[in-house]
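K.L.:
Okay, handing you the structure first.
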Amino acid sequence: MRSRILITTVLAALSNAHEDHQSEGGQYTLTDDLTYKKFFSAFDFFDGPDPTKGFVKYQNQENAIKQGLVGYLEDTQSVFMGVDYTTKDTAGRASVRLESKKSWNHGLLVADIRHMPASQCGSWPAFWLLSSSADWPQGGEVDILEGVNDYESNSVTLHTTTGCMVDNSTSAGGGSGVAGDIEAAPFTGLMSTDDCDVAAPGQLKNVGCSIHAPEIMSGIQTGGSGNTDTGGAVPLPSYGTEFNKAQGGVYAMEWSTLGISVWFFPRESHGFTENFSSNTTLPDPSRWGTPIAHFSGSGCDFSERFRDLKIIFNIAFCGEWAGAERDKSCAKKTGVATCNQYVRDNPEVFKEAYWEVAGLKWFQKGATQKRAYTPVTNFKAQSE
């Protein structure tokens, strides 16, 4: 495994920047860059009991550092967040849950993820957003990248209180079909539920409204004209082990008053190369083609149901979802009586249970643009 630099002290705060008050109202502007050395200082380490009743012990910053659960990967200029994969502990497996100190209302979140926890029985990794100002599910939850056990594809899911129904419009014929039009955009995934209420009648508890990413796409759309990759069906490695084999890619989420959309661009796709290979500070979702998931409709107020969202990365084990889903394949595959027992007694299988994040940026419209500024300390007027 590649060497990494472990964090040994609390990182310095993000460097100060002076603001340029000229910005374009319709253009996304970079407001927060949480990439690499700016990452850990922007996050808190949650170390309380797991809210989902998982077999996990979340570590504070000091303990996470001592155990080598967080650090920097110099070769890819990325951050590392992992779990203990050597210890058998009856109280749960040591892991991390990082929550951003800042929260946002509307905008565009772009995450370049090179590696995520592999598709392993007992695991429950998530990259998601949660309200910082209201108790769950008040204020909403957006699961951008999440799954359990040996899942092979991602599901994008929203969780709210009552009164948030979304439209299931998977065809451009149901709207304008214009790429980047968040109100009318279709999506390539498969919607399994359309009521975001965690207690919705006719749905299992806490299912929310969910869209499964397609396992196969006939082209990763890119370009303002809707150009696509050619060559027939293209596998979409949206989650877990297959995601890692493809060296990950970019997940992007756009949240406005009109809805929430999520795109995924595998690292080798034209969409990634054309839109994310350079360090752009002015992203343009209108050039990204059809998202894998899109939630909209008159049945949900996306400013009221979702507010003050913070970013979270975590790796849980078993619990209310991974434990409940175990009988689908993992019970037979592992031959172990319970999820907790399997996770406790087989630490070595979780060596690939880690996040490697190469970039994390938040953009907003109408925001002031930050510019690097070096003050003059010794100024002398030039004589004529």
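Since every read-out is calculated from the coordinates, none of them should be taken as a lab result. Everything numeric here is computed off the predicted structure, so don't read it as measured data. For neighbour counting, all protein chains shown are included, and Cβ atoms are generated from backbone atoms with ideal geometry for every residue, glycine included.
K.L.:
Considering the Cα positions of the stretch 36-177, please state its Rg to one decimal place and its Dmax as a whole number of Å.
P.N.:
For the stretch 36-177, the Cα radius of gyration and maximum Cα-Cα distance read 17.4, 55 Å.
K.L.:
Here is a further query. If packing is taken as the average count of other Cβ atoms within 10 Å, what order do 115-123, 41-49, 150-158 fall into, highest mean first?
P.N.:
Final packing ranking: 115-123, 150-158, 41-49.
K.L.:
Based on a Kirkwood Rh over C-alpha pairs, give the Stokes-Einstein translational diffusion coefficient of the stretch 74-152 at 4 °C and viscosity 1.567 mPa s in µm²/s.
P.N.:
Translational D for this selection: 85 µm²/s.
K.L.:
Averaging the inverse of every distinct alpha carbon separation and then flipping it gives the Kirkwood radius. What is it for the stretch 21-369, in angstrom units?
P.N.:
20.4
K.L.:
Within 10 Å of each residue's Cβ, count the other Cβ atoms and sort L204, L360, L258 from fewest upward.
P.N.:
The order, fewest Cβ neighbours first, is L204, L258, L360.
K.L.:
Can you tell me what share of the DSSP beta bridges in the stretch 21-369 is antiparallel? A percent to the nearest 5 is fine.
P.N.:
95
K.L.:
Relative contact order, percent, of the stretch 21-369 when contacts are C-alpha pairs under 8 Å separated by at least 6 residues?
P.N.:
Here the relative contact order equals 32 percent.
K.L.:
For S238, which sequence-distant residues (separation of 5 or more, or a different chain) have an amide H within less than 5 Å of its own amide H, given hydrogens modelled in the peptide plane?
P.N.:
N154
K.L.:
Also: Expressed as cubic angstrom per residue, what is the convex hull volume of the alpha carbon set of the stretch 263-355?
P.N.:
Expressed per residue, the convex hull around the Cα atoms of the stretch 263-355 is 213 Å³.
K.L.:
Another question, if that's okay. Give the peptides 243-249, 93-99 in descending order of average Cβ contacts within 10 Å, highest first.
P.N.:
93-99, 243-249
K.L.:
Could I ask something else about it? Please turn the phi angles of the stretch 68-73 into ³J(HN,Hα) values with the Karplus equation 6.51 cos²θ - 1.76 cosθ + 1.60 (θ = phi - 60°), one per residue in order, whole Hz, x for glycine and proline.
P.N.:
Taking θ as phi minus 60°, the curve returns x, 8, 9, x, 10, 10 Hz for the stretch 68-73.
K.L.:
Check each of the chymotrypsin sites (Phe, Trp or Tyr not before Pro) in the stretch 328-371 and keep only those in coil by DSSP with at most 11 other C-beta atoms within 10 angstrom; list them in order.
P.N.:
When the chymotrypsin sites (Phe, Trp or Tyr not before Pro) of the stretch 328-371 are filtered for loop state and at most 11 Cβ neighbours within 10 Å, nothing remains.
K.L.:
Still on this structure: Tell me, what ³J(HN,Hα) does each residue in the stretch 208-213 have, in order and in whole Hz, if you take phi through Karplus 6.51 cos²θ - 1.76 cosθ + 1.60 with θ = phi - 60° and put x for Gly and Pro?
P.N.:
After applying 6.51 cos²θ - 1.76 cosθ + 1.60, I find x, 9, 9, 10, 7, 5 Hz.
K.L.:
Tell me the Rg and the Dmax, in Å, that the Cα atoms of the stretch 251-314 produce.
P.N.:
Every Cα atom of the stretch 251-314 included, Rg and Dmax give 13.6, 38 Å.
K.L.:
At 0.36 nm per residue, minus the direct Cα-Cα distance, what do E348 and K245 gain on full extension? Give it in nm, one decimal, please.
P.N.:
Answer, rounded to one decimal: 35.1 nm.
K.L.:
A further question follows. Roughly how big is the stretch 21-369's charge dipole about its Cα centre, with Cβ charges of +1 (Lys, Arg) and -1 (Asp, Glu), in debye to the nearest 20?
P.N.:
660
K.L.:
Can you flag which of K57/K102; K88/K205; K37/K365; K245/K332; K310/K351; K205/K351 are past 30 Å Cα-Cα?
P.N.:
Flagged as over cut-off: K88/K205; K205/K351.
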